[in-house]
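The values are calculated or read from the model by the stated rules, or taken from the named source; none is laboratory data. Bear in mind the structure is a predicted one, so any value in this text is a computation, not a measurement. Cβ atoms come from the backbone with ideal geometry, glycine included; neighbour counts cover every protein chain shown.
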Amino acid sequence: MKRKIWLSVFVAILAAAVTIPMVAWASSIDSKLQIGFSLHFTGPDSTAGTFVASGAVRDSGTAVVTNIVLTPQGNQDDARLTGRQEFIGAKGSITTTFSGLAGPLNDPHQTGKGTFEIVGGTGDYAGIEGHGTFLVVVDTSTNQLIGTEDGQAN
């Protein structure tokens with residue numbers, strides 16, 4: 001009888017050891033957010049283009065960036081970067097704000113790197129919250145911006 005109890009306890013522990021990490025792994029995938037975007041300048045402080053999202057958000061559509069502000073950092077060739085980005089997909093929209101560093105300003109090939117915060121959503125994304133990091137590579141000679149956002153959302 002004791003052997004059956006110990007065997008039952010062992011099987012229960014083994015099942016928990018396998019199940020708990022699987023549930024944690026699945027839920028971490030559902031909260032991860034990756035967005036890739038391709039943009040072009042539409043004005044001195046705006047861009048527009050397309051995006052594809054995976055993870056917590058599975059959608060694609062248009063992306064619009066407004067209120068881009070570059071504040072030079074003293075005698076350096078880089079600047080503080082801030083702005084607002086909206087992703088408009090088939091299921092709704094997500095609005096983020098971002099801040100980071102951009103440069104070198106005097107080169108046609110630049111990068112921007114920093115953090116973003118989700119500040120709003122509509123449709124299926126109403127009430128969404130999240131944050132993460134972004135990286136964008138810019139070629140001003142061809143008017144092309146390619147970037148990613150990587151973070152968490154719920």
Q.
Scan the stretch 98-114 and tell me whether some residue there is free of Cβ contacts under 8 Å to residues at least 24 places away in the same chain and in a strand (DSSP E or B).
A. yes
Of the residues in the stretch 48-92, those that are without any contact (Cβ under 8 Å) to a residue 40 or more places away in the chain, surrounded by 14 or more Cβ atoms within 10 Å (Cβ to Cβ) and in a loop (DSSP other than H, G, I, E, B) number 3
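Quick grid of which residues meet (1) farther than 20 Å from residue 113 by Cβ; (2) among the polar types (S, T, N, Q):
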| position | (1), (2) |
| --- | --- |
| 34 | no, yes |
| 47 | no, yes |
| 73 | no, yes |
| 84 | no, no |
| 89 | yes, no |
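With within 21 Å of residue 62 (Cα to Cα), at pLDDT 95 or above and outside any strand (DSSP E or B) as the only criterion, which of 142, 133 stands out?
Values: 133 fails: outside any strand (DSSP E or B).
Going through 142, 133 in turn, just one is within 21 Å of residue 62 (Cα to Cα), at pLDDT 95 or above and outside any strand (DSSP E or B): 142.
Return the only residue of 117, 86 being out of contact with any Lys or Arg (no Cβ under 8 Å at 6 or more places or on another chain) and more than 19 Å from residue 44 (Cβ to Cβ). I'd like the intermediate steps shown before the answer.
On the way: 86 fails: more than 19 Å from residue 44 (Cβ to Cβ).
Being out of contact with any Lys or Arg (no Cβ under 8 Å at 6 or more places or on another chain) and more than 19 Å from residue 44 (Cβ to Cβ) holds for just one of 117, 86, which is 117.
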Cβ pairs under 6 Å, 6+ apart or interchain, first in the stretch 125-140 and over 27 Å from residue 41 (Cβ atoms), second buried (at least 20 other Cβ atoms within 10 Å of the Cβ) and at pLDDT below 95, ordered by first then second residue, are none
